[in-house]
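One structure is given below, encoded as structure tokens.
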Amino acid sequence: MRRAAPLTTTLAALVLAIGALAGCADTTAPQAAPPWPTPAPTPPQEYPPELPEWAQGHQVWLIYPDGFECGGTEGCPNDYRAFFGEPGPVLPDGVEYYDPAKHDCVAVAPLGVDCFG
């Protein structure tokens, strides 16, 4: 009977080992964590291809530099950014960047410039 005990112990250990290995074979490899959700791409900003009908043909709309101020109480005339927002890469017809040589005292009275003296 002495021989039966070690054989039983060995068989029990073998059954446990086979059961453990069989359990491992049934499971799948660990899955990678799901990727972080990616935000939707920002849609490209759409710029108006032309001025609205009410703003066309009457005057030139100007894009003033940042911080530019006009004299008087009315502010800067025909300020494109004030009415329509930031300009796109291609300017609509009737829109120009402010040029002091062309616009000062003709269409614009810049703060600190005496256009009437």
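The values are calculated or read from the model by the stated rules, or taken from the named source; none is laboratory data. Quick caveat: nothing in here was measured; it's all calculated off a predicted structure. Here Cβ is always computed from backbone atoms with ideal geometry, including for glycine, and neighbour counts include all displayed protein chains. Surface accessibility is based on the protein's heavy atoms, side chains included, excluding ligands, DNA and RNA. Shrake-Rupley method; radii C 1.70, N 1.55, O 1.52, S 1.80 Å.
Worth pointing out:
- Only one of the numbered conditions (1) loosely packed, with under 10 Cβ neighbours inside 10 Å; (2) at pLDDT below 90 is not met by P65, and that is (2).
- Looking across the stretch 42-62, not a single residue is outside any loop (DSSP other than H, G, I, E, B), open to solvent by 80 Å² or more (accessible area, probe 1.4 Å) and either modelled with pLDDT under 70 or in contact with a His (Cβ under 8 Å, 6 or more places away or on another chain) (or both).
- For the stretch 71-80, the count of residues that are modelled with pLDDT of 90 or more and either open to solvent by 90 Å² or more (accessible area, probe 1.4 Å) or outside any loop (DSSP other than H, G, I, E, B) (or both) is nonzero.
- The number of residues in the stretch 62-86 that are of a type in the set (K, R) and free of Cβ contacts under 8 Å to residues at least 12 places away in the same chain comes to 0.
- Residues in the stretch 95-117 that are loosely packed, with under 14 Cβ neighbours inside 10 Å and under 37 Å from the mean Cα position of the chain (by Cα): Y97, D99, P100, A101, K102, L111.
- Taking first residues from the stretch 87-111 that are of a type in the set (S, T, Y) and partners that are part of a loop (DSSP other than H, G, I, E, B) and open to solvent by less than 50 Å² (accessible area, probe 1.4 Å), the Cβ contacts under 6 Å between residues at least 6 apart in sequence or on separate chains come to Y98/Y64.
- Residue list for the stretch 98-117, restricted to those being out of contact with any Pro (no Cβ under 8 Å at 6 or more places or on another chain), within 15 Å of W61 (Cα to Cα) and modelled with pLDDT of 90 or more: D99, K102, H103
- When residues in the stretch 81-94 are screened for being outside any loop (DSSP other than H, G, I, E, B) and either surrounded by fewer than 11 Cβ atoms within 10 Å (Cβ to Cβ) or of a type in the set (F, W, Y) (or both), 2 of them pass.
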